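One structure below.
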Amino acid sequence: MVGDQISASSVTIYFSDMKPLVGVAIAVHNNWKQTKACLLAVMNSTVNRLYIVVVDDGSTDGTWDLLQSQFPEVVALRTAGDLWWTGGTNEAVKACLESGCEYVLLLNPDVILESKTISQLLTLASQKPNTIISPVVVRHDRPKIVWWAGSRWQPLIPWFPLIWMNRYIFKAGTPVSKLP
């Protein structure tokens, strides 16, 4: 029902039950156990329009075969083992964008998302367009302590913009309860 509309006087209201297509880009090399757990968590998401791409960069531990047999709904791409994480992630992002994804979530294969994480990221992204959004990252064994909670990419010295650096917004070890 995309594009259905109701007009009343000078106001036109459009209704759409079509949610955005969200790409999930994962690069992996010899990491089946964690990749499987990651994929199961992604598939448990409250968001149901997901296009999941896993780039297996030359795994030799059976990851490729297990990925294809246990997750046939996932787009699996195999590369020679020379892309590393960045190159594999770039290939996965490219596949997501070529398939019409409106958003792309980059994940390491050892990440376990909570079921509402993607939905919450989409809500925030709709409020802050043209922004890179990320969740607070915690360790499974320390869920109330920040492992990573945002960075800013900015010049090291404001008057000398040739050297840039990443500055953390909240330091690792900060209690999650202290975040705004």
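The values are calculated or read from the model by the stated rules, or taken from the named source; none is laboratory data. Values in this document were obtained by computation on a predicted structure and should not be read as measured data. Ideal geometry is used to build each Cβ from the backbone, glycine not excepted, and the neighbour counts take in all protein chains shown. The accessibility values were calculated without ligands, DNA or RNA, using every heavy atom of the protein model including side chains. Shrake-Rupley method; radii C 1.70, N 1.55, O 1.52, S 1.80 Å.
One residue stands out in the stretch 42-53 among those that are more than 12 Å from the chain's Cα centre (by Cα) and among the hydrophobic types (A, V, I, L, M, F, W, C): the one that is least open to solvent (accessible area, probe 1.4 Å), namely VAL47. Of all residues being in contact (Cβ under 8 Å) with a residue 60 or more places away in the chain and of a type in the set (A, V, I, L, M) in the stretch 29-41, which is least open to solvent (accessible area, probe 1.4 Å)? Just the residue, please. Checking each candidate, the answer is ALA41.
Output the number of residues of the stretch 76-102 satisfying the condition of being closer than 14 Å to THR35 by Cβ and in contact with a Phe, Trp or Tyr (Cβ under 7 Å, 6 or more places away or on another chain).
Taking the stretch 76-102 and keeping what is closer than 14 Å to THR35 by Cβ, we get 76-78, 85, 88-89, 92.
Then drop every residue that is not in contact with a Phe, Trp or Tyr (Cβ under 7 Å, 6 or more places away or on another chain), which leaves 78.
So the answer is 1.
A single entry from ILE132, ILE112 fulfils the requirement of being in a loop (DSSP other than H, G, I, E, B), touching a residue at least 40 places away in the same chain (Cβ under 8 Å) and open to solvent by 90 Å² or more (accessible area, probe 1.4 Å): ILE112. Taking the stretch 135-164 as the range and being open to solvent by 100 Å² or more (accessible area, probe 1.4 Å), over 21 Å from THR174 (Cβ atoms) and in a strand (DSSP E or B) as the test, the residues that pass are LEU162, TRP164. Among the residues of this structure, ASN44 counts as one that is touching a residue at least 60 places away in the same chain (Cβ under 8 Å), within 28 Å of VAL176 (Cα to Cα) and polar (S, T, N, Q).
Out of the residues in the stretch 115-124 that are among the polar types (S, T, N, Q) and either crowded, with 17+ Cβ neighbours inside 10 Å or without any contact (Cβ under 8 Å) to a residue 60 or more places away in the chain (or both), which is farthest from VAL47 (Cα to Cα)? Ranking the qualifying residues of the stretch 115-124, first place goes to THR123. Each residue in the stretch 47-77 was checked for being in contact (Cβ under 8 Å) with a residue 60 or more places away in the chain and of a type in the set (Gly, Ala, Ser), and 0 pass. Once the stretch 99-109 is narrowed to residues that are assigned to a loop (DSSP other than H, G, I, E, B) and open to solvent by 40 Å² or more (accessible area, probe 1.4 Å), the residue that is nearest to ILE52 (Cα to Cα) is SER99.
Give the residues of the stretch 61-78 that are loosely packed, with under 12 Cβ neighbours inside 10 Å and either within 19 Å of the chain's Cα centre (by Cα) or at positive phi (or both), sorted by residue number.
Taking the stretch 61-78 as the starting set, the residues that turn out to be loosely packed, with under 12 Cβ neighbours inside 10 Å are 62, 69, 72-73.
Once the filter is applied, which keeps residues that are loosely packed, with under 12 Cβ neighbours inside 10 Å and either within 19 Å of the chain's Cα centre (by Cα) or at positive phi (or both), the stretch 61-78 yields GLY62, GLU73.
Scanning the stretch 122-180 for residues that are farther than 23 Å from VAL24 by Cβ, basic (Lys, Arg) and at pLDDT 85 or above turns up ARG142, LYS144, LYS178.
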